[in-house]
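The values are calculated or read from the model by the stated rules, or taken from the named source; none is laboratory data. A quick note: this is a predicted structure, and the numbers were derived from the prediction, not measured. Quick reminder, even Gly has a Cβ in these numbers, built from the backbone with ideal geometry, and neighbours come from all protein chains shown.
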Amino acid sequence: MKLFESLKDFPTLNIGDLTARIPIIQGGMGVGISLSGLASAVANEGGVGVISAAMIGNAEPDLAKDPTGAHIRALTREIRKARELTKGILGVNVMVALSNFADMVTTSVREGIDVIFCGAGLPLDLPKYLTDGAKTKLVPIVSSGRAAAVLCKKWLSRFNVLPDAFVVEGPKAGGHLGFRPEQVEDPAFALESIVPEVIEAVKPFEESSGKRIPTIAAGGVYSGEDICRFLDMGAAGVQMGTRFVATVECDADEEFKQAYVRAKKEDIVIIQSPVGMPGRAVRGPFLEDVAQGHRKPKACPYKCLVTCDYTKSPYCIAQALVSAMKGKLKNGFAFAGANAWRVDSIVTVRELIGSLRDEFLRFCGRKE
C-alpha cells in the first residue's frame, strides 16, 4: 500500500485538545513580520497562525517612555484583532531571550491565546505563568533530543506537567539559530537527523504519562514534498516561516517581501548577530556596511534582549529589524530561511496552502 494512499487532504495536527485541519504552523517572525494579519489568514485556512511578540510595540508612540506598557498594549491589540478575523487556532511566539519574556507570556495567557511557542533559550519556568483554568498550550522550540528531555524532566519535577508539543528547529531556519556556526552545515545536526532524535527522547515521557507529545519539524521546510517527508519520518506537523513571508497577508512592508523574490542562492548568508548567535539573512547594503565596520550603535533605545550588550555590538539589531520590516533595507536586513532564494512571487495564503496541499498529495500518493 502506498504511503498516505487513502488521504484526500492533509492529515490534521492535534496538540492536546486542539485540532488544526492542516499540519502546518506558521512560524512566528519578528520584528513585526507576523502579526494579526498573517496569523489570522493562516488560521482561517486551517493551520496555526502565530503572532511574534518580539519588539511588537515598536510603533507605539510612547515606546521610549513606557516600553513595558507599549509592548503589552500592542500584543493585546494584535491578539484581539486576530480573534476578530478568525475562529481558527492562534499562537504567540515569545523568545526566552526577550527582556520582557514574562510580560509577553502573561499577556498571551490572559488573552486566552491557544498556543505559546518559546525558543531562543530553554523556557524552564514557562508553566508557572499558567493561571487556573487557562487552556493555553505550551510548546517549546528545541534543536536537540537532549534539550527536549531536559525540559520534560524539569517541568515534571517543578510543575508536574509536560510540554503539549515540541517544535524541532533545524539549522536551515531563518533568523537566529540554536546552533554553533560549525554545526550549521554538519549533517549530524540536520533537521532529518534531529527530528527522529526528539521523537525518541520524548517517548519515555509519553509512555509514563499517557500523554501524546507531538513533534513538529521546522527549519528549511519549503514544499509539500518536504511536509510528506517529515510526516513520514514521524513528525506530527511542520512549522514554516519563509514561505509565509512571500504572501499578500504578511504584515511586513512590500519591499521586505520583494527582498525574498529578488534574492539569489548566494544572497542567503550566515551572519553573526549582536546577540551572540549565528543567524541567516538576505545579503544587502546594510550588512555590507556592517562588514566594513561602518555601523555602530550610539545607545540602546530598546533593551529588548537580555543577551545583547550594545557597547560590544556592531549595530543595534532591533533598529535594523524594525527598519527592514518597514521596507527601509538600507538601514536594516531581512532574516530568511535557507530556501528563501526559491521564492519567485508573492501569493495569497490560500494559494500557498493550496499549492502545498497539491504537492503533498501528489508526492505522498506515488511514494511506496
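Screening segment 129-150 for residues that are assigned to a strand (DSSP E or B) and either surrounded by 24 or more Cβ atoms within 10 Å (Cβ to Cβ) or not assigned by TED's automatic domain parsing to the domain that holds L90 (or both) and picking the one that is nearest to the chain's Cα centre (by Cα) gives I141. Just to be sure before I move on: is P204 surrounded by fewer than 18 Cβ atoms within 10 Å (Cβ to Cβ) and without any contact (Cβ under 8 Å) to a residue 60 or more places away in the chain in the structure I sent? When the stated conditions are applied, P204 passes them. The requirement of being hydrophobic (A, V, I, L, M, F, W, C), surrounded by 20 or more Cβ atoms within 10 Å (Cβ to Cβ) and assigned to a loop (DSSP other than H, G, I, E, B) is fulfilled somewhere in segment 211-222, by at least one residue.
Picking from residues in segment 234-283 that are among the hydroxyl-bearing types (S, T, Y) and in the same structural domain as I51 (by TED's automatic domain parsing), the one that is nearest to the chain's Cα centre (by Cα) is T242. Within segment 119-128, one or more residues are surrounded by fewer than 21 Cβ atoms within 10 Å (Cβ to Cβ) and over 27 Å from R180 (Cβ atoms). Checking the structure you have, find out if any residue of segment 243-251 is touching a helix residue (DSSP H, G or I) at 6+ places or on another chain (Cβ under 9 Å), of a type in the set (A, V, I, L, M, F, W, C), modelled with pLDDT under 95 and not in a loop (DSSP other than H, G, I, E, B). No. Looking only at segment 13-38, how many residues end up being assigned to a loop (DSSP other than H, G, I, E, B) and not β-branched (V, I, T)? Qualifying residue count for the region: 11. Please determine, by comparing only the residues of segment 39-85 that are more than 28 Å from R21 (Cβ to Cβ) and in a helix (DSSP H, G or I), which one is modelled with the lowest pLDDT. Residue satisfying both the conditions and the ranking: P67.
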